[in-house]
Amino acid sequence: IDKARQQPDKVKDVINKIKSSGLLDTYKAVKNKLDYPMTMGYSAVGITTKAYEKYNLNKDQRIFTNSFHQEEALIDFNMCVEIPDDLDSKSAVFGAIGGIAMQSIKCIPKESKNIVLIGLGLLGQITLRILRAKGYHCIVFDLDIKKIELAEKYGAIGVRENLTETVLNYTKGNGADSTIIAAASQSNEIINEATSYTKRKGKIISSGVIGLNLIRDKFFKKQIELVVSNSSGDKNHKGEGSSYENIKHFFELILLNKLEVLDLISEETNLKNSDSIYLFPNNSMFFSKLIKYENINRRPDQTFLKQNKNKTKIKVGLIGIGNFAM
């Protein structure tokens, strides 16, 4: 039921499939989809197993990548960011979250000064710290008072109630230059309410996953712009506006001691404790879990694909990669 609420477009797909394939086949297809294991993770630090001159990568070079949780991985070159020698691996592993935060901050118009930040989970806390490092005044809100208190330690102006009134008072009635919403909620109220404390012709930026059923009149009256931030940036290249650029800049801020993230590691574990890796306490201040891997016997020949010259050994071809093909 929760999945259906979160993905109404998928519900329509299911209804259409019932019409075309019948109830039983649709039930089997949905069941297969729900039962199929999902690969986890997208933020990792590792060491290259082989030199790659084409991409200026040396053997045993420490890099950040968006790999799944695994000991060995084939990586996407555009998401392969070299880690500076003076940067510790534990800080570097936050690269993906840092990149997402950087991309949302890049959407803020020039000359902006006062920013409202909604949602103070892992993404929100890192977004706040980057904003402060860049000199913005930040007014923050979260349903959890403890998270507000943590944000206040890093220079935020915390609001516990009457958000709109507080923002308007602080900005002398003008409203915030921009609002960044880093929360995770299906509620449409968050984004519509943001128009009341965002200034005329201001910008609302969504980096979290929130409801986007907009009340047109609220945006129309103040001509407010809405931007849905593109994750950590463009992953198709390493130039301006790319994930690579955002993550690299995130690393630079840590190296300059303008940013601290190590306190956001709530727990460290390894594969020996595999049963508990994906168990998380109900503590609202639990932000992240660091997973360590040991892989002593690395074999590059198993990691890099080699072309099969003896094609006569291929006996079967398979067309389709849907649920039935799996």
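Cβ-Cβ below 8 Å, separation at least six or inter-chain, first residue in the stretch 273-300 and farther than 30 Å from residue 50 by Cβ and assigned to a helix (DSSP H, G or I), second at pLDDT 85 or above and among the β-branched types (Val, Ile, Thr): which pairs?
276/269
Does the stretch 236-251 hold any residues that are in contact (Cβ under 8 Å) with a residue 12 or more places away in the chain and either surrounded by fewer than 17 Cβ atoms within 10 Å (Cβ to Cβ) or assigned to a strand (DSSP E or B) (or both), and which are they?
Listed by number, the residues that qualify are 236, 237, 241, 242, 249.
Determine whether the stretch 66-73 contains at least one residue that is charged (D, E, K, R) and either touching a strand residue (DSSP E or B) at 6+ places or on another chain (Cβ under 7 Å) or part of a helix (DSSP H, G or I) (or both).
no
So which pairs qualify, if the first residue must be in the stretch 207-229 and more than 20 Å from residue 119 (Cα to Cα), the second must be at pLDDT 95 or above and open to solvent by 70 Å² or more (accessible area, probe 1.4 Å), the Cβ gap must be under 6 Å, and the two must be at least 6 apart or on different chains?
Filtered contacts from the stretch 207-229: 222/200; 223/201.
Which of the residues belonging to the stretch 205-229 are in a loop (DSSP other than H, G, I, E, B), buried (at least 16 other Cβ atoms within 10 Å of the Cβ) and in contact with a helix residue (DSSP H, G or I) (Cβ under 6 Å, 6 or more places away or on another chain)?
Listed by number, the residues that qualify are 207, 224, 229.
Any residue that is among the aliphatic types (A, V, I, L, M), over 23 Å from residue 258 (Cβ atoms) and at pLDDT 95 or above - is there at least one of those in the stretch 125-133?
no
Looking only at the stretch 185-204, filter to residues that are hydroxyl-bearing (Ser, Thr, Tyr) and open to solvent by 10 Å² or more (accessible area, probe 1.4 Å); which one of those is farthest from residue 140 (Cα to Cα)?
Per the stated criteria, the residue is 187.
In the stretch 23-50, what residues are out of contact with any Gly (no Cβ under 9 Å at 6 or more places or on another chain), open to solvent by less than 70 Å² (accessible area, probe 1.4 Å) and under 27 Å from residue 98 (Cβ atoms)?
Within the stretch 23-50, 41, 46, 48, 49 qualify.
Can you pull out the residues in the stretch 174-206 that are of a type in the set (Ser, Thr, Tyr), at pLDDT 95 or above and touching a strand residue (DSSP E or B) at 6+ places or on another chain (Cβ under 8 Å)? Working first, answer last.
To start, the set of residues in the stretch 174-206 that are of a type in the set (Ser, Thr, Tyr) comprises 178-179, 185, 187, 195-198, 206.
Next cut, at pLDDT 95 or above only: 178-179, 195-198, 206.
Correct list: 178, 179, 195, 197, 198, 206.
Taking the condition acidic (Asp, Glu), surrounded by 10 or more Cβ atoms within 10 Å (Cβ to Cβ) and free of Cβ contacts under 8 Å to residues at least 40 places away in the same chain, does residue 13 pass?
Spelling it out, residue 13 is indeed acidic (Asp, Glu), surrounded by 10 or more Cβ atoms within 10 Å (Cβ to Cβ) and free of Cβ contacts under 8 Å to residues at least 40 places away in the same chain.
Kindly check whether there is at least one residue in the stretch 58-81 that is open to solvent by 70 Å² or more (accessible area, probe 1.4 Å), among the basic types (Lys, Arg) and modelled with pLDDT of 95 or more.
no
Of all helices (runs of 4 or more DSSP H) completely enclosed by the stretch 1-54, which ones contain at least 1 residues that are hydrophobic (A, V, I, L, M, F, W, C) and under 30 Å from residue 76 (Cα atoms)?
23-35
The values are calculated or read from the model by the stated rules, or taken from the named source; none is laboratory data. Computed from a predicted model, the values in this text were never measured in an experiment. Note that we place each Cβ from the backbone using ideal geometry, even for glycine, and neighbour counts take in every protein chain shown. For the accessible areas, the whole protein counts, side chains as well, though only heavy atoms, and no ligand, DNA or RNA atoms are used. Shrake-Rupley method; radii C 1.70, N 1.55, O 1.52, S 1.80 Å.
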